[in-house]
Amino acid sequence: LGISRYPVMEALKRTEAEGFLRIVPQVGCIVTEPSPNEISDFYSVFALIEGELAACAAERRLPEELDAFAAVSARLDRYIDEPHSPQESASAYRKLNHEFHAQIHRMARSDIISRMSVKLWDRSDFYIATVRGPQIFANRIRIAHDEHQAVQRAIVDGDVKAARRLMEIHIRATGQTVTERRV
C-alpha cells in the first residue's frame, strides 16, 4: 500500500488494547472470542448508558425532533411489513436501528453520554459479528420494533422513567440474544 508499518502496528495495538484481537508475535493476529459472561456483562452496562440517553431524550426533546423520530419509526414499520430474506432483512434493519438510536442520541443533547455510547455500539457490533453476524436477529426484528415503539411512546410522552426502563429492557434483550448464540 506504500505506507509505513508504524501506523498499522499502532492501530493493531490499540485494537488489541480494546480487546478485539490478540497479537501473537511472529505469528499474527487472532480475533478474540468473548465469553458469554463478557457479552452479558457488556450488555448490562450498555443498557444503562442507552437507558440514560432515552431518559435524557424524554426530558429534553423538542417538538420538531419528534417528527424526525416518527419518520424513522415509520421507515422501520414499512420495512418490517415488506418481504425480505432473513439476511437482507437483518442487514437493512440494522441500519434503520442505528438511525432510530441515533435520533434518540440527538434528542438527549448529551455529548458525553452519546460519545460513550458510540464506542459501545462498536463493541456491540463486534459481539454480534462473532456469533455469526446480524442475521441472528432475523426472528427478533418484530419484537425489537415493538420495543422501539414502546420507547418512542415514552419519549414522546416525556416519561423519563419509562423511557429509561424500556430502553434498558430492549438492550438487555439484545444482549440475551447474542449471549445465547455464544453459548
* **Members of the range 33-46 that are free of Cβ contacts under 8 Å to residues at least 60 places away in the same chain and surrounded by 11 or more Cβ atoms within 10 Å (Cβ to Cβ)** => Glu38, Asp41
* Criterion violated by Phe20 - all others in (1) at pLDDT below 85; (2) under 21 Å from the mean Cα position of the chain (by Cα); (3) open to solvent by 80 Å² or more (accessible area, probe 1.4 Å) satisfied -> (3)
* Asked: Does Leu53 satisfy the condition of being over 21 Å from the mean Cα position of the chain (by Cα) and touching a residue at least 24 places away in the same chain (Cβ under 8 Å)?
  -> no
* Structure fact -> Only one of (1) exposed (fewer than 14 other Cβ atoms within 10 Å of the Cβ); (2) within 26 Å of Asp111 (Cβ to Cβ) does not apply to Pro83, and that is (2)
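Yes/no matrix, rows are residues, columns are (1) more than 21 Å from Asp122 (Cβ to Cβ); (2) modelled with pLDDT of 95 or more:
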{"residue": "Val31", "(1), (2)": "no, no"}
{"residue": "Ile39", "(1), (2)": "no, no"}
{"residue": "Tyr43", "(1), (2)": "no, yes"}
{"residue": "Ile49", "(1), (2)": "no, yes"}
{"residue": "Ala54", "(1), (2)": "no, yes"}
{"residue": "Glu59", "(1), (2)": "yes, yes"}
{"residue": "Pro63", "(1), (2)": "yes, no"}
{"residue": "Ala68", "(1), (2)": "yes, no"}
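The values are calculated or read from the model by the stated rules, or taken from the named source; none is laboratory data. Everything numeric here is computed off the predicted structure, so don't read it as measured data. Glycine also receives a Cβ, built like all others from the backbone with ideal geometry; neighbour counts cover every protein chain displayed. All accessible areas refer to the heavy atoms of the entire protein, side chains included, with ligands and DNA or RNA removed. Shrake-Rupley method; radii C 1.70, N 1.55, O 1.52, S 1.80 Å.
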